[in-house]
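The values are calculated or read from the model by the stated rules, or taken from the named source; none is laboratory data. Here the structure is a predicted model, which is why all the values come from computation and not from measurement. Note that each Cβ is placed from the backbone with ideal geometry, even for glycine, and that neighbours are counted across all protein chains shown.
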Amino acid sequence: MPFDPRGVMTALATPFAADGSIDFDAWRALCERQVQAGAALVPCGTTGETPTLTHEEDARLIATAVEVAAGRVPVLAGTGSNATRTAIANTRRAAELGADAALVVTPYYNKPPQASLLAHYRAVADEGGLPVVLYHVPGRTACRMTPDTILRLAEHPRVVAIKEASADLDLLQEVISGAPPDFGILSGDDAWTLTTLLLGGHGVVSVASNVVPRAMVRLVRAACAGDLGGARALQKRLLPLFRALFVTTNPIPVKRALALGGYMGESVRLPLTADALDAAGLAALRSALELALAAEAEG
């Protein structure tokens, strides 16, 4: 289906069975729950623990997400790499599996300068066979794009959106004001969703929507429809959850939240460990879940 860079797109957590393999029954159920809520599917992103997945696991996760979506919502597959040839190959494979677009993170560890970032993304867009969503998260990659680089990439016909997770308000405003009207601006941080929308953005790639997809969809739709009172009220109720999901490294808290709801086990793969969520963090998560799940039930 044509990729529409607007609305809620869920950065899906990857469920693992007790033996460390992927629990595909839980994966299908998680994807279907998002589809029913109206959220697009984002398999194989950071929240999905992509650095610990094999290429075969990546492919099966994407293929299963496409199968479950069945054209009802878009599938935005994580295909980024710090090797351009690998990112192109990953993107081509996602295209063959039926994904609608590719989420391509800035190359981590290499720390390419701006001219190199332009060349990298243009190569993936030219050769990957899918619309490309830039993923800007310098806190994880140690690679920062300037507004000028982002806006130059936005001129490419196959670079259709950005997942902006730098927490840089000046950059966000400059990109929104300078981008083509059909270029999607997606918050990469749940807590910044309403700010991004009020400034002229178009949606969010959300971690919290793993847990409360209907509430997140309602928040975005309210803001986009001009119901600022309703959007602010939802943001206030969900803000404790947004914070609790990042008391330690993502996706440890969101997997614990999903485990508490019976949707999957809390297992993460090394080098992450589930016990990194301490008693104080768990208490904050439980308290936030109570408020957020009440909002979810109203949708």
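Residues of the range 94-124 that are assigned to a loop (DSSP other than H, G, I, E, B) and surrounded by fewer than 20 Cβ atoms within 10 Å (Cβ to Cβ): Gly98, Tyr108, Tyr109, Asn110, Lys111, Pro112, Pro113. Could you tell me whether the range 247-254 includes any residue that is closer than 21 Å to Gly20 by Cβ and free of Cβ contacts under 8 Å to residues at least 12 places away in the same chain? For the range 247-254, residues closer than 21 Å to Gly20 by Cβ and free of Cβ contacts under 8 Å to residues at least 12 places away in the same chain: absent. Checking each residue in the range 288-299 for being of a type in the set (Gly, Ala, Ser) and either part of a loop (DSSP other than H, G, I, E, B) or surrounded by 12 or more Cβ atoms within 10 Å (Cβ to Cβ) (or both) picks out Ala288, Ala292, Ala294, Ala295, Gly299.
In the set Val217, Val212, Val204, only one residue is within 18 Å of the chain's Cα centre (by Cα), at pLDDT 95 or above, closer than 23 Å to Ala26 by Cα and surrounded by 23 or more Cβ atoms within 10 Å (Cβ to Cβ); that residue is Val212. When Thr47, Thr14, Thr91 are screened for being in a loop (DSSP other than H, G, I, E, B) and buried (at least 21 other Cβ atoms within 10 Å of the Cβ), only Thr14 passes. When the range 272-297 is filtered for residues that are free of Cβ contacts under 8 Å to residues at least 40 places away in the same chain and either within 25 Å of Leu219 (Cβ to Cβ) or of a type outside the set (Asp, Glu) (or both), the ones remaining, listed by number, are Thr273, Ala274, Ala276, Leu277, Ala279, Ala280, Gly281, Leu282, Ala283, Arg286, Glu290, Ala297.
Taken across the range 262-270, residues that are under 20 Å from Ala37 (Cα atoms) and without any contact (Cβ under 8 Å) to a residue 40 or more places away in the chain do occur, with at least one present.
Among the residues of the range 265-284, the one identified as of a type in the set (Val, Ile, Thr) and surrounded by 15 or more Cβ atoms within 10 Å (Cβ to Cβ) is Val268.
Determine if the range 160-183 includes at least one residue that is among the aromatic types (Phe, Trp, Tyr), out of contact with any Leu (no Cβ under 6 Å at 6 or more places or on another chain), surrounded by fewer than 23 Cβ atoms within 10 Å (Cβ to Cβ) and within 30 Å of Leu293 (Cα to Cα). No - not one qualifying residue is present in the range 160-183. Of all residues in the range 102-127, those that are under 13 Å from Ala87 (Cα atoms) have Cβ atoms under 9 Å from Cβ atoms of residues that are basic (Lys, Arg) and part of a helix (DSSP H, G or I), 6 or more apart or on another chain, in Val105/Arg140; Tyr108/Arg140; Ala123/Arg85; Glu127/Arg92.
For every residue, the table says whether it meets (1) surrounded by 23 or more Cβ atoms within 10 Å (Cβ to Cβ); (2) within 16 Å of the chain's Cα centre (by Cα); (3) not in a loop (DSSP other than H, G, I, E, B).
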position	(1), (2), (3)
Arg221	no, no, yes
Leu234	yes, no, yes
Leu238	yes, no, yes
Asn250	no, yes, no
Tyr263	no, no, no
Arg286	no, no, yes
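Scanning the range 125-144 for residues that are surrounded by fewer than 20 Cβ atoms within 10 Å (Cβ to Cβ) and closer than 14 Å to Phe3 by Cα yields a single hit, Gly129.
Of the residues Thr50, Thr54, Thr79, the single one that is under 18 Å from Ser206 (Cβ atoms) and either within 18 Å of the chain's Cα centre (by Cα) or at pLDDT 95 or above (or both) is Thr50. Filtering the range 17-44 to residues that are part of a loop (DSSP other than H, G, I, E, B), surrounded by fewer than 24 Cβ atoms within 10 Å (Cβ to Cβ) and either among the small types (Gly, Ala, Ser) or in contact (Cβ under 8 Å) with a residue 60 or more places away in the chain (or both) leaves Ala17, Ala18, Gly20, Ser21, Asp23, Gly38.
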